[in-house]
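The values are calculated or read from the model by the stated rules, or taken from the named source; none is laboratory data. All figures in this text were calculated on a predicted structure; none of them were measured in a lab. Note: ideal-geometry Cβ built from the backbone for every residue, glycine included; neighbour counts use all protein chains shown.
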Amino acid sequence: MSRRIDRRSSQTAAWTCVSRAASSQETNPHLKSDDHIARELLPTWMKPLVSLPAVRTIFHKYGAPQGIYEYVIARTKYIDAVFLQVLKEGFDQILIFGAGFDTRALRFQENIRNTTIFELDIATTQEAKRNQYHKRKLTVPANLRLIPIDFDRDTLTDKLDQAGFQKGKRDLFILEGLIMYLQAESVDSTFHTIQEYAGPKSRIVFDYIYASVLRQENLYYGEAGSYKRVASAGEPWQFGIEKDNLTGFLSKFDLKLLEQKDSLALEQCYFTNKQGQLEGRINGTHCLVTVEK
């Protein structure tokens, strides 16, 4: 079957990049995130637009399903914090699955020191990213390695071995906005590979959608619009975890849950002001999780 992703870079990855770029220009601290490089990766005509408050408001309210802009902001802040923490602790390697237009290797270069960063993604998206780096004169750091992969067709272990990823080190694995797009067999294979390669006390941060979303039960804020949007982009969601079965999922891979944040917990962390008032609602379909081997 012909897939859009084989011919063109990911639309969902591009949308996430635009969201981060817009967020970097926000003045409201609850909406503002730190990804200033995302703006540099946008087409030239789009860069000034995200600096305009009116354009950001339109994008925020009408450019995405309810609560997704807020979710991307919260997810970016959450994973940024995990990324910086493991660098502080001196982790050996960071492997970013489905990296898209992730810019952490550039944004946090001063913090990285001896850690090697690996980015895995489909070849079309990585090529688009390389082209934008070249156009914007952004240097790819020496400690960043880009690995093209199709998670549903390629062998992950072969790709890691060829790229020089070392087994048994203390690693951080980031699966941001990824596993919901994979077939169940690919999710299991990916986590088994992490289990095989990760050293003791390695960590994994990932997000997932509830399995009920795939059944279109429409239980959560913004669910119906989100499901339709990714399907219409030619990148439908394929994998979810039952709401009360995260522990069962993790047990298959001998992983220990450190933290889980659903939309309500993320709203409390990132969108509640000092007066206890909610500054924004987060799409309810996703959860963020940090686990340890």
Kindly check whether there is at least one residue in region 205-219 that is within 27 Å of residue 68 (Cβ to Cβ), charged (D, E, K, R), touching a helix residue (DSSP H, G or I) at 6+ places or on another chain (Cβ under 7 Å) and at pLDDT below 95. no
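Inside region 152-170, can you point out the residues that are outside any loop (DSSP other than H, G, I, E, B), in contact (Cβ under 8 Å) with a residue 24 or more places away in the chain, closer than 13 Å to residue 193 by Cα and not basic (Lys, Arg)? Quick ask: steps written out before the conclusion?
Taking region 152-170 and keeping what is outside any loop (DSSP other than H, G, I, E, B), we get 156-163.
Among the residues that remain, those that are also in contact (Cβ under 8 Å) with a residue 24 or more places away in the chain are: 156-157, 159-160, 163.
Applying the additional criterion that residues be closer than 13 Å to residue 193 by Cα yields 156-157, 159-160.
Of everything in region 152-170, those that are outside any loop (DSSP other than H, G, I, E, B), in contact (Cβ under 8 Å) with a residue 24 or more places away in the chain, closer than 13 Å to residue 193 by Cα and not basic (Lys, Arg) turn out to be 156, 157, 160.
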What's the number of the condition residue 213 fails, among (1) surrounded by fewer than 21 Cβ atoms within 10 Å (Cβ to Cβ); (2) in contact (Cβ under 8 Å) with a residue 40 or more places away in the chain; (3) assigned to a helix (DSSP H, G or I); (4) in contact with an Asp or Glu (Cβ under 8 Å, 6 or more places away or on another chain)? (1)
Is there a residue in region 26-48 that is of a type in the set (Val, Ile, Thr) and in contact with a Phe, Trp or Tyr (Cβ under 8 Å, 6 or more places away or on another chain)? no
All but one of (1) at pLDDT 95 or above; (2) within 17 Å of the chain's Cα centre (by Cα) hold for residue 64; state the number of the condition that does not hold. (1)
Counting just the residues of region 40-52 that are in a helix (DSSP H, G or I) and more than 27 Å from residue 228 (Cα to Cα), which one comes out nearest to the chain's Cα centre (by Cα)? 40
How many residues are more than 12 Å from the chain's Cα centre (by Cα) and either of a type in the set (Asp, Glu) or surrounded by 24 or more Cβ atoms within 10 Å (Cβ to Cβ) (or both) when one looks only at region 70-82? 1
Near pairs, Cβ below 7 angstrom, 6+ apart or cross-chain, from region 103-118 (farther than 17 Å from residue 92 by Cβ) to any residue that is of a type in the set (D, E, K, R) and buried (at least 22 other Cβ atoms within 10 Å of the Cβ): 103/35; 107/35
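Which members of region 272-290 meet the condition of being part of a loop (DSSP other than H, G, I, E, B), in contact (Cβ under 8 Å) with a residue 24 or more places away in the chain and surrounded by fewer than 21 Cβ atoms within 10 Å (Cβ to Cβ)? Talk me through it step by step, then tell me what you get.
Taking region 272-290 as the starting set, the residues that turn out to be part of a loop (DSSP other than H, G, I, E, B) are 273-277, 279-285.
Checking which are in contact (Cβ under 8 Å) with a residue 24 or more places away in the chain leaves us with 273, 279-285.
Answer for region 272-290, where residues must be part of a loop (DSSP other than H, G, I, E, B), in contact (Cβ under 8 Å) with a residue 24 or more places away in the chain and surrounded by fewer than 21 Cβ atoms within 10 Å (Cβ to Cβ): 273, 279, 280, 281.
Counting just the residues of region 187-196 that are free of Cβ contacts under 8 Å to residues at least 40 places away in the same chain and surrounded by 15 or more Cβ atoms within 10 Å (Cβ to Cβ), which one comes out farthest from residue 236 (Cα to Cα)?
Within region 187-196, the subset free of Cβ contacts under 8 Å to residues at least 40 places away in the same chain is 189, 193, 196.
Among the residues that remain, those that are also surrounded by 15 or more Cβ atoms within 10 Å (Cβ to Cβ) are: 189, 193.
Numbers: 189: 20, 193: 24 Å.
Among those residues, the one meeting the criterion is 193.
In this structure, does residue 238 turn out to be at pLDDT 95 or above and surrounded by 14 or more Cβ atoms within 10 Å (Cβ to Cβ)? Walk me through it before giving the result.
Details: at pLDDT 95 or above: yes; surrounded by 14 or more Cβ atoms within 10 Å (Cβ to Cβ): yes.
Criteria met by residue 238.
This table checks each residue for (1) without any contact (Cβ under 8 Å) to a residue 40 or more places away in the chain; (2) surrounded by fewer than 21 Cβ atoms within 10 Å (Cβ to Cβ); (3) out of contact with any strand residue (DSSP E or B) (no Cβ under 7 Å at 6 or more places or on another chain); (4) hydroxyl-bearing (Ser, Thr, Tyr).
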position: 231; (1), (2), (3), (4): yes, yes, yes, no
position: 257; (1), (2), (3), (4): yes, yes, no, no
position: 264; (1), (2), (3), (4): yes, yes, yes, no
position: 268; (1), (2), (3), (4): yes, yes, yes, no
position: 292; (1), (2), (3), (4): no, yes, no, no
When you check residue 182 against the structure, is it out of contact with any strand residue (DSSP E or B) (no Cβ under 7 Å at 6 or more places or on another chain) and crowded, with 17+ Cβ neighbours inside 10 Å, yes or no? yes
Being within 14 Å of the chain's Cα centre (by Cα), at pLDDT 90 or above, in a helix (DSSP H, G or I) and not hydroxyl-bearing (Ser, Thr, Tyr) is the requirement here; does residue 22 meet it? no
Could you tell me whether residue 258 is in a strand (DSSP E or B) and touching a Ser or Thr at 6+ places or on another chain (Cβ under 7 Å)? yes
